[in-house]
Amino acid sequence: MSLMWVSVTECSQSHIYHLTQMIKEDEDLQIILSSGTPYMDERGDGGLLKKDMERMLSLLGVPAHLKGYQYLKTAIDLCVQSMEELDGVTKRLYPDIARTHQTSAETVEHAIRHAIEAAWQRGDERTQKMLFGYSHLDGKRPTNSEFITRLTDHFADISRKFLS
């Protein structure tokens, strides 16, 4: 699956032509139309668009009713804003998420692990393979750190492409 952000305010006839060609060539291409800057929330503070993150977590099969779902959204958002969060997942990232959600770092770690375990059996195999190189059919499951890192890299790469 490929994901592309397109600003409709800056879209010309030639852009539309190229977009249609890309859609013809890549049946898995998803295009996000927006009138603003990619991956910026209403406040403009650099936060990921919640809908994009929620869509990806849904494709990966993360159940939205689990606490780990909310913790994963916070983790990815924090990591995209500051990649240094990934340098110390247990010592830095989990405590930062715990402070945001008023819980303990241990609760955050456990809830994220539970959400990934639940997701891995029900998620889209193609999306899993695209992001991780393997799927639940291969009998492997990503660790919490790997899951967060891969999603952070995915959104950071997309953001860099469109902000440069």
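Numbers at a glance
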{"quantity": "Modelled FRET efficiency - R0 41 Å, Arg99 with Asp153, Cβ distances, 0.05 increments", "calculated": "0.95"}
{"quantity": "Å³ per residue enclosed by the Cα convex hull of region 76-121", "calculated": "75 Å³"}
{"quantity": "For q = 0.09, 0.15, 0.18, 0.22 Å⁻¹, Debye-computed log10 I/I(0) when each Cα of region 45-164 counts as one equal scatterer", "calculated": "-0.22, -0.62, -0.91, -1.34"}
{"quantity": "Euclidean distance between Cα centres, region 110-146 to region 52-108, Å", "calculated": "15 Å"}
{"quantity": "Length-normalised contact order of region 74-161 in % [C-alpha pairs under 8 Å, at least 6 apart]", "calculated": "31 percent"}
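Bear in mind these aren't lab numbers, they're just calculated from the coordinates by the rules spelled out. Since this is a predicted model, take the numbers as computed values, not measurements. Cβ atoms come from the backbone with ideal geometry, glycine included; neighbour counts cover every protein chain shown.
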